[in-house]
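**Q** Quick one: the structure is below, and I'll ask about it shortly.
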Amino acid sequence: MTPETFLRMKRIVQKLIEQTEIGSIEWKLTDDEKSFLHSTSNSSIVVTRRRGALAGPVELTVLNKLGREVETISTRQTIDEVDAKQELEDLWELARQSALKVNEELDQVLEELDEE
Amino acid sequence: MHRTWYDLFWAEWLGVLGFLITLGGFGVALRRLRKLRLAAEAARDASLLTSREVAAKQVAVLVPQLIWLADELDSSIETNDRTLTRHYLYNWRWQAGHVHGLLPDSGTRGESLKRNLQDSIGLAFTATTALMEGKRPVLDACKRARESIGTSLNDLSLWVGQESAHSTERIK
């Protein structure tokens, strides 16, 4: 990956974090329980945690409208910047929370506990 | 000497007449411009309509192929054939991408068709990953992808049908 591509991928990760945090985009569950999907009308973005002994590496893959893998960025790659690795980890966690609607589920549990 | 507004010299009347003629000319020019704008808008609408009709016809040719692919995918899921299922999921990504390129750019319907197709492409990709893990039954590893393919296919068939009906109405 060229430095220019890396910068673009990093910007995509940051934008996805921002928009997931404010709830303007949502992630979907997939058949792979450790992968989450967000689609626009012209691309699909998949964030995956690979299997590993402990927490495996996180990957972000961009697929174009022709279904081809355009680029992948991973915490396993030699990413010099610690920030980029942490951002990918944060994105995976945010995507998981969005797809599983974690906060809504927890609110419901709290409500039910209050009623008991 | 006091002069009323109509008490003008002939040269001044000529000036007034010239002004009125200019105003009239301006009105005529405005009317022509409006007609031209309406004609251009009608031509643009007709061109958009034609390109949408052409797109719908091209997609209509590809829909049976997509249905066949979805059927084959179902068969490979039923027989729990991991390799064949991965092959058909990959083919779906390729074919769906081809159809995506033919769909109209404008309008919320076009957006929704494209987004559904894009979802099916992404889910076919993740199902392939799930199948490669090799631990779960095939059906379990590509259930969401299959559902999304079904939704996308239904949506496409419906759109093609509606476009075809509109096209027939216009011919009548």
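**Q** For segment B:19-35, does any single residue satisfy the condition of being touching a residue at least 24 places away in the same chain (Cβ under 8 Å) and part of a helix (DSSP H, G or I)?
**A** no
**Q** May I pose another question? Being more than 14 Å from chain A (Cβ to nearest Cβ) and farther than 19 Å from A:L66 by Cβ is the requirement here; does B:I67 meet it?
**A** Yes.
**Q** Filter segment B:94-118 for residues that are facing chain A (nearest Cβ under 7 Å) and crowded, with 24+ Cβ neighbours inside 10 Å and give the result.
**A** If the condition is that a residue be facing chain A (nearest Cβ under 7 Å) and crowded, with 24+ Cβ neighbours inside 10 Å, then B:A96, B:Q118 are the ones that fit.
**Q** Same structure, new question: Output the residues belonging to segment B:114-140 that are in contact with a Leu (Cβ under 9 Å, 6 or more places away or on another chain) and farther than 18 Å from A:K28 by Cα.
**A** B:L131, B:V138
**Q** Listed residues A:I22, A:I73; which is surrounded by fewer than 18 Cβ atoms within 10 Å (Cβ to Cβ) and more than 19 Å from B:Y90 (Cα to Cα)?
**A** A:I22
**Q** Just one of the numbered conditions (1) closer than 14 Å to B:L153 by Cα; (2) surrounded by 16 or more Cβ atoms within 10 Å (Cβ to Cβ); (3) within 14 Å of another protein chain (Cβ to nearest Cβ) is not true of B:R86; which one?
**A** B:R86 satisfies all of (1) closer than 14 Å to B:L153 by Cα; (2) surrounded by 16 or more Cβ atoms within 10 Å (Cβ to Cβ); (3) within 14 Å of another protein chain (Cβ to nearest Cβ) except (1).
This table checks each residue for (1) surrounded by fewer than 11 Cβ atoms within 10 Å (Cβ to Cβ); (2) hydrophobic (A, V, I, L, M, F, W, C); (3) farther than 20 Å from B:W94 by Cα.
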position: B:Y6; (1), (2), (3): yes, no, yes
position: B:L17; (1), (2), (3): yes, yes, yes
position: B:V28; (1), (2), (3): yes, yes, yes
position: B:A42; (1), (2), (3): yes, yes, yes
position: B:S76; (1), (2), (3): no, no, no
position: B:R82; (1), (2), (3): no, no, no
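FYI, it's all coordinate maths here, none of it is from the lab. Predicted, not measured: the structure shown is a model, and the values here were computed from it. With ideal geometry, Cβ positions are generated from the backbone for all residues, glycine too; neighbour counts draw on all protein chains shown.
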